[in-house]
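A.B. asks: Structure below; questions to follow.
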Amino acid sequence: MVEVVYFGGGYVALTASVHFAKAKIPTIIYDIDPTVVTGINRGNPRGREFLSYLHTDVSILVNKGLLRATHNLTDLAGKTNFILAVPSERKGEIWLDPIFESVEKIVRLSETPPTILIESTIPPGTTDKIIERLHNQFNVQVGEDYFLAVCPRKDWFADQEKNVTTLPRIVGGVTEQCTERALDILQNISHDIRTATYKVAEFTKSIENSLFHSHIAYGHQLALAFPDKDIATALELACLHWRLPKLYLGFGTAGRCVPMGTKALLNSLYDGAPTRVKNSSLSLGVAALDTDLILRTRIIDAVKLYYQRNKNSRIMIMGLGYRPDFADTGLSPGLEIAQRLTSFGFPVVVHDTLYSAIEIKKNWGLEFLPLSELPSCDLILLATPHSSYLPLPHSATLWRSGQTILDANGVWNGCRKLFAEKGVMYKRVGDAGWLNIK
């Protein structure tokens, strides 16, 4: 009988574990954090908002004995099928220690040759480093003493139709037998699997994220290069072309995937050197990273100028998560802007529907303001459009004449007339004159 062990208790491992459990494949999640383990075993995992698109009650799977978690390595003795979904970034930079440490733990505890699948996003060349480290430490050979494959995923954690069962899956084993063992495991849940060499498989996730990153960055460059033109509308209309992806402007690219794809490629190219290498042969990737920094700096400069014109004004940042309706702040533009403005001494308050005032103060040292006090704010930056924010323009009590709104994604764009009637100045990123907030 197939049994799967996931290393890592975050949303990536959790969502795939649910699919294995629903396919009646017993699954164990190993995580070093006892609170994460407790939450899963109680059927109330930390990443529960990421499971909403699965429409699955985790407690049912736990009660049936199909899903459980542990923080004790001894519980994994005798297991042979391992999947790594541990972090590969920290504070916005490549961080491979959890990858190396996990494979070393697996080889150390395994009595029979284990199969190890890497789902975590890794820079190209990482697999060869793993093979070398394991050979040097344990004198083991890949394809004999253990089986290793790179198996990136393409899930979109906001759409129940885009998950590991419906989207194409890439599998690249170091040897043919490594690939065969990976297929034996993943075919239980993935119905469209494409095989490749492990070196190619390593590139795929980083490339797809980096391509998306470059597209977004160019849109932001256009908004910065032509701040007096309506680039937001022009970009929307340009992307109606059937060969172009739909792009959205904002306060910069964010999250633990998109900009990290570019950083992973640069990390591989320069073997861990700083990601902004001058004269890089991946100059478009470097430019995309620089554009994020420039964009956020220009927004902060615009806020500073606004404050100079409007002394004693109050500034609110709405949304600290890097994406709507998820409690994850990885490379969040809203959080970065709030922290930087606060460090400069500006009177910044924040709100996020997924975090309490205590959490916001403890985690980031920022001041929380309930939405009921929104009328006391003069400048509002809507950074992350949580669904609970979408109806707010229609409130008769939250707005007053003289307020200014800068909307990162333009989700309130259809309410311009409503804001104008209330005396509220509304701008979205990419509007004509969007950086001149008054």
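A.B. asks: Compute the signed sum of charges (Lys and Arg +1, Asp and Glu -1) over the other residues within less than 9 Å, Cβ to Cβ, of His386. Kindly include the intermediate steps, with their values, before the conclusion.
C.D. replies: Details: positive: none; negative: Asp325, Asp352.
Summing Lys and Arg as +1 and Asp and Glu as -1 gives -2.
A.B. asks: Per residue of the range 355-369, what does 6.51 cos²θ - 1.76 cosθ + 1.60 with θ = phi - 60° give for ³J(HN,Hα)? Whole Hz please, x for Gly and Pro, Karplus curve as stated.
C.D. replies: 10, 7, 4, 5, 5, 5, 5, 5, 7, 10, x, 9, 8, 8, 10
A.B. asks: A further question follows. Could you state the accessible area per residue of the chain in Å², with a 1.4 Å probe and every protein chain left in place?
C.D. replies: On the way: 19540 Å² over 438 residues.
Value for the chain: 45 Å² per residue.
A.B. asks: To the nearest 20 debye, what charge dipole does the chain have about its Cα centre, counting +1 at the Cβ of each Lys and Arg and -1 at the Cβ of each Asp and Glu?
C.D. replies: It comes to approximately 1260 debye.
A.B. asks: Considering only the other residues whose Cβ falls under 14 Å of the Cβ of His351, what net charge follows from Lys and Arg at +1 and Asp and Glu at -1?
C.D. replies: On the way: positive: Arg314, Lys361; negative: Asp352, Glu359, Glu367, Glu373.
Surrounding charge for His351 is -2.
A.B. asks: On the accessible surface of the chain, probed at 1.4 Å, how many percent belong to carbon and sulfur atoms?
C.D. replies: 54 percent
A.B. asks: So how strong a dipole does the range 32-146 carry about its Cα centre when Lys and Arg Cβ are +1 and Asp and Glu Cβ are -1, to the nearest 20 debye?
C.D. replies: My answer is approximately 460 debye.
A.B. asks: Rule-of-thumb check for the range 181-263: C-alpha Rg over 2.2 N^0.38 Å?
C.D. replies: Rounded to two decimals, the normalised Rg is 1.47.
A.B. asks: Select from Phe203, Ser395, Thr15 the residue farthest towards the positive end of the dipole of the chain; place +1 on Cβ of Lys and Arg, -1 on Cβ of Asp and Glu, and compute about the Cα centre.
C.D. replies: Ranked along the dipole, the leading option is Ser395.
A.B. asks: While we're here: Indicate, rounded to the nearest 5 percent, the antiparallel portion of the DSSP beta bridges found entirely in the chain.
C.D. replies: Taking every DSSP beta bridge within the chain, about 10 percent pair in antiparallel fashion.
A.B. asks: Run the simple label-point estimate for Asp230 and Asn72 please: 7 Å along Cα→C-beta, distance reported in nm.
C.D. replies: With each label placed 7 Å out from Cα toward Cβ, I get 6.6 nm.
A.B. asks: Could you pull out every residue, at least 5 positions away or on a different chain, whose amide H is within less than 5 Å of the one on Tyr426? Hs are placed 1.01 Å off N in the peptide plane, and Pro or chain starts have none.
C.D. replies: Those qualifying (amide H under 5 Å, at least 5 residues apart or on another chain) are Ile405.
A.B. asks: Along the charge dipole of the range 275-330, pointing to its positive end and built from +1/-1 on Cβ of Lys, Arg, Asp and Glu, which listed residue (Tyr307, Leu293, Met318) has its Cα farthest out?
C.D. replies: After comparing all options, I get Tyr307.
A.B. asks: Taking a quarter of the surface of the Cα convex hull of the chain, what do you get in nm²?
C.D. replies: 22.1 nm²
A.B. asks: In the chain, with Lys and Arg counted as +1 and Asp and Glu as -1 at Cβ, which of these residues, Thr253, Leu366, Asn44, has the Cα nearest the positive end of the dipole, that is, farthest along it?
C.D. replies: Of the candidates, Leu366 comes out farthest on the positive side.
A.B. asks: Related question: Using a/c under 1.5 as the rounded threshold, could you call the range 1-44 rounded, prolate or oblate? The axes a ≥ b ≥ c are square roots of the C-alpha gyration tensor eigenvalues, and prolate needs a/b larger than b/c, oblate otherwise.
C.D. replies: prolate
A.B. asks: Using only C-alpha positions, report the orientation-averaged shadow area of the convex hull of the range 41-156, nm², one decimal. Don't skip to the end; give the middle numbers.
C.D. replies: On the way: hull surface 34.5 nm².
In nm², the orientation-averaged hull projection of the range 41-156 is 8.6.
A.B. asks: Right, here's the next one. What list of whole percents do you get for P(r) of the range 322-400, with Cα-Cα distances grouped in 5 Å bins up to the one holding the largest distance?
C.D. replies: With a bin width of 5 Å, the distribution comes to 3, 14, 25, 29, 19, 9, 2.
A.B. asks: Any chance you could check the Cα centroid distance between the range 342-377 and the range 61-121 for me, in angstrom?
C.D. replies: 37 Å
The values are calculated or read from the model by the stated rules, or taken from the named source; none is laboratory data. All values reported here derive from a predicted model rather than from experimental measurement. Glycine gets a Cβ as well: all are built from the backbone with ideal geometry, and neighbour counts include every protein chain shown. Heavy atoms of the whole protein, side chains included, go into the accessibility calculation; ligands, DNA and RNA do not. Shrake-Rupley method; radii C 1.70, N 1.55, O 1.52, S 1.80 Å.
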